[in-house]
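**Student:** Below are the structure tokens for one structure; questions will follow.
Each reported figure results from applying straightforward, stated rules to the coordinates on display, with no laboratory input. All values reported here derive from a predicted model rather than from experimental measurement. For neighbour counting, all protein chains shown are included, and Cβ atoms are generated from backbone atoms with ideal geometry for every residue, glycine included.
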Amino acid sequence: MVHPTAIHTIRTTPAFMRLVARRRKFVVSLTLGTLLPYYAFVLAAGFAPRFLAQKIFAGSAITLGWPLGVALIVGTWILTGLYIRRANGEFDELTARIVAGDLQ
Amino acid sequence: MTRFARFFAALLALFALCGGRTAFAMPEAAGSVHRQPLNTTAIAMFVVFVIATLGITYWSASKTRTMKDFYNAGGGISGFQNGLALAGDYMSAAALLGLTSMIFFNGYDGMIYAVSFFVAWPLLMFLFAERIRNLGQVTIADIASYRLDQQRVRTLMAFGSLTVVCLYLVAQMVGAGQLIQLLFGLRYEYAVVVVGLLMAVYVTFGGMVATTWVQIIKAVLMLFGATLLAVLALRHFGFSLNDMFAQAIAVHHSGAAIMLPSKLVADPFAMLSLSVALVFGTSGLPHILMRFFTVPDAKAARKSVFVATGFIGYFFLLVTLLGMAAIVIVGRDGGFYEGGVPGGKLIGGGNMPVMHLAKAMGGDLVLGFLSAVAFATILAVVAGLTMAGTSAISHDLYAMVIRKNRADPKTEKRVSRIASLAIAGVAVVLGILFKEQNIAFLVSLTYSVAASVNFPILALAIYWKGLTTRGALLGGVAGLVSAVGLVVLSPAVWVKVLGHATPIFPYDYPAIVSMSIAFFFTWVGSVTDQGARAARERAQFDDQFIRGQTGIGASGAASH
């Protein structure tokens, strides 16, 4: 068990650096995976409104913008699910090992 | 025994007020333009909700022994419960009424808004939820002042939170007054006083436990009401979305143009600035962020965001569907228009499409239910806001800044009670003063201040080693001044409130500018800060970083 007063010794240990690097890489990709499609959507609404207003297939009343909006909401929610899955497994295991004092 | 007595005194006062209210409400119908006939179904359902929540408040009071119980329910709320409560906090009456109304009038624009309100949640999950849980205990100021100056940075954050809370509260109060006179046929002032009294009772007696359960119940009711209405509406179209869309295009006076992103995004920069305010402002709302302290650990914090995000996304999707259904069902029915001609002025005003839809689909019963849900929604949101404001006063300003973490718990409890009553009082007074005002600017101001003061300092405190006290103070003040200043110069205030011909600043949401200013000044103030204190603050980043990552040293749950 790591004593709270010895907390700073963890910073440069291999186990902690592994946790930080893996989580950072994952979080950066998930954040970009949320923000890039979202701002592409916002810019499409501003600069290419006709693109969003095209019918999804001939004879349909539904236009592309609607399923895209649904996909953004459902898709980014799935990303939060992916995060949880990896955090509950891999990241929590790494953290538990660090807290228990296994710092290699 | 005294708690029991005080609780019932408050309860009696409330019912005395409710009883007196109906007697006054009827004869003054001529006084307001939009007031509707007294809606007894809605009032009956709402009274059931109020009695249930007061029962919960009484039960919560018995669980609220320490100040920790009061502020964060002792960290004993489960991830799933907190997820529902977060959703209850975020699914506002404005979202239900405003978004459906936007689709009803402008079509596809409402979907762009819905997505923009939603996207903040995945980001909260990836960047904030776990760090906030690991680094703080009661307020977001705990996190900002973790390694910075307790006195000054905490004071700044407390005032940042209080500003956001007050602005948001006034907007909610004015909305509540208007909505309730619309839906229930009650007088504006009574509605505002009832809301103020109830929120003070929830928070003063039940603290975070009661607030949480009010939000959970409201979230369930809201999700149930929206689902029911969506199923009824879809049945009307034989469960064919294509049929619904085709009819909407046929009925709407804009025709196929309702599928085009229009007014809202006429200026892409304005849309971009709005989206920055919504996305990053949400990450700076104190009443949302403080909910992360109610769960036992980071694992529960992340689960709560996952649950909240799912429910909020589901709700927004339902809302867009309801808006499209309203175009057809309400748009064709002359009975919902003044003068009986479809396409004219909607009875009750522009926010009513979803309520008219409820009436058309399910008669007075469904209309009454949805009205009661809308009222319950306002109560849940204002209770959360009051809780956040109270913690900023009694925990941040009193216990930590004035008493320097040596406050006597009894006195602190008394301060918290006075604070919640004072906040409720201020909200009622301002709500009544702002009755006739155009309050659209309050919402943009709330999100802009949250995105320009709370968010930058919080984000940099968590992620940037170089942040120092001087940088945080400089950036926070710059963000506050520029957000408020630019909103005053924007069309919403300069033109619509102050009556000038043209705005000095062209965008209603200045967040993209004021947030950049805040980040810039925080950076300048920090990198030029070479004192011994700054060096110490940077040196302490590693400890904070480790705790944020692993939760070592973070407090756990109290056993309930």
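**Student:** Which length gain, in nm to one decimal place, applies between residue B:51 and residue B:269 when the Cα-Cα distance is subtracted from 0.36 nm times their residue separation?
**Tutor:** Details: separation 218, 0.36 × 218 = 78.48 nm, distance 4.74 nm.
That works out to 73.7 nm of additional length.
**Student:** Would you mind calculating the gained length between residue A:54 and residue A:100 on full extension (0.36 nm times residue separation, minus the Cα-Cα distance), in nm to one decimal?
**Tutor:** Working: separation 46, 0.36 × 46 = 16.56 nm, distance 5.72 nm.
Full extension of this stretch gives 10.8 nm more.
**Student:** Here's something else I'd like to know. Across peptide B:269-277, how many C-beta atoms of other chains are within 10 Å of each residue C-beta, on average? Mind showing how you got there, number by number?
**Tutor:** On the way: counts 1, 1, 4, 4, 0, 1, 4, 1, 0.
Mean partner shielding for this stretch: 2.
**Student:** Sticking with this one: So for chain B, taking the charge dipole from beta-carbon charges (+1 Lys/Arg, -1 Asp/Glu), which of B:391, B:252, B:483 sits furthest toward the positive end?
**Tutor:** B:391
**Student:** Using alpha-carbon positions, what is the distance between the centroids of region B:218-262 and region A:29-104, in Å?
**Tutor:** 25 Å
**Student:** Also, I was wondering about something else. Per-residue HN-Hα couplings for region B:397-402, Karplus 6.51 cos²θ - 1.76 cosθ + 1.60 at θ = phi - 60°, whole Hz, x for Gly and Pro?
**Tutor:** 6, 6, 5, 8, 7, 6
**Student:** How much length would be gained if the chain were fully extended between residue B:403 and residue B:501, taking 0.36 nm per residue of separation minus their Cα-Cα distance, in nm to one decimal?
**Tutor:** Details: separation 98, 0.36 × 98 = 35.28 nm, distance 5.00 nm.
Residue separation times 0.36 nm, minus the Cα-Cα distance, leaves 30.3 nm.
**Student:** Ok, one more. Based on the Kirkwood radius over alpha-carbon pairs, what value in µm²/s does the Stokes-Einstein equation return for the translational diffusion coefficient of region B:102-210 at 4 °C and 1.567 mPa s? Kindly include the intermediate steps, with their values, before the conclusion.
**Tutor:** On the way: Rh = 17.5 Å.
For the chosen part, D equals 74 µm²/s.
**Student:** How far is it, in nm, from the label point at residue A:35 to the one at residue B:80 when both lie 7 Å from their Cα along the line to the Cβ?
**Tutor:** 3.4 nm
**Student:** If you don't mind, another one. Give, rounded to the nearest 20 debye, the magnitude of the charge dipole that the protein assembly as shown has about its Cα centre when Lys and Arg contribute +1 at Cβ and Asp and Glu contribute -1 at Cβ. Don't skip to the end; give the middle numbers.
**Tutor:** Numbers: 49 positive and 27 negative charges, 298 e Å.
Dipole about the Cα centre, nearest 20: 1440 debye.
**Student:** How far apart, in nanometres, would the label points at residue A:9 and residue B:411 be if each is projected 7 angstrom from Cα along the Cα-to-Cβ direction?
**Tutor:** Taking the two extended label points, one gets 4.1 nm.
**Student:** For region B:176-190, what does the Karplus curve 6.51 cos²θ - 1.76 cosθ + 1.60, with θ = phi - 60°, yield as ³J(HN,Hα) per residue in whole Hz, taken in order and with x for Gly and Pro?
**Tutor:** 4, x, 5, 5, 6, 5, 5, 8, 9, x, 9, 5, 3, 4, 5
**Student:** Along the charge dipole of the protein assembly as shown, Cβ charges K/R +1 and D/E -1, which of B:201, B:461, B:425 sits furthest on the positive end?
**Tutor:** Final value for the positive-end residue is B:461.
**Student:** How many angstrom lie between the Cα centre of region B:281-330 and the Cα centre of region B:474-510?
**Tutor:** Here the two parts' Cα centres lie 29 Å apart.
**Student:** Would you please give the FRET efficiency between residue B:418 and residue B:253, computed as 1/(1 + (r/R0)^6) with r the Cβ-Cβ distance and R0 = 45 Å, to the nearest 0.05? Intermediate values should be presented prior to the final figure.
**Tutor:** Working: r = 54 Å, r/R0 = 1.20.
E between residue B:418 and residue B:253, to the nearest 0.05, is 0.25.
**Student:** Okay, next question. Dipole of region A:49-104, Cα-centred, from +1 at each Lys and Arg C-beta and -1 at each Asp and Glu C-beta, to the nearest 20 debye? Before the final figure, lay out each step's value.
**Tutor:** Numbers: 5 positive and 4 negative charges, 94 e Å.
Once rounded to the nearest 20, the dipole reads 460 debye.
**Student:** Please report, in whole Å, how far the alpha carbons of region B:164-300 spread along each principal axis, starting with the longest.
**Tutor:** The Cα atoms of region B:164-300 stretch 53, 39, 37 Å along the principal axes, largest first.
**Student:** Show that you can apply the helix-only estimate: for the protein assembly as shown, add -39,500 (n - 2.57) for every DSSP H stretch of four or more residues, divide by all residues, and state [θ] at 222 nm to the nearest 500.
**Tutor:** Values: 27 runs with 447 residues, N = 664.
Using -39500 (n - 2.57) per qualifying helix, the result is -22500 deg cm²/dmol.
**Student:** If you don't mind, there's one more thing I want to ask. State which entries of B:63/B:218; B:63/B:413; B:303/B:410 exceed 24 angstrom in Cα-Cα distance in the structure shown. The partial results should precede the final answer.
**Tutor:** Working: B:63/B:218 21 Å; B:63/B:413 15 Å; B:303/B:410 34 Å.
Pairs exceeding 24 Å: B:303/B:410.
**Student:** For peptide B:544-551, compute the average count of partner chain beta-carbon atoms within 10 Å of each residue's beta-carbon. Kindly include the intermediate steps, with their values, before the conclusion.
**Tutor:** Values: counts 1, 6, 10, 3, 0, 11, 12, 3.
Average per residue, whole number: 6.
**Student:** When the dipole is taken about the Cα centre of region B:346-464, and only Lys, Arg (+1) and Asp, Glu (-1) are charged at their Cβ, what size is it in debye, to the nearest 20? Could you put the intermediate results ahead of the total?
**Tutor:** Working: 9 positive and 5 negative charges, 102 e Å.
Computed about the Cα centre, the dipole is about 480 debye.
**Student:** So for the pair residue B:520, residue B:38, with labels modelled 7 Å out along Cα→Cβ, what separation do we get in nm?
**Tutor:** That separation, rounded to one decimal, is 5.9 nm.
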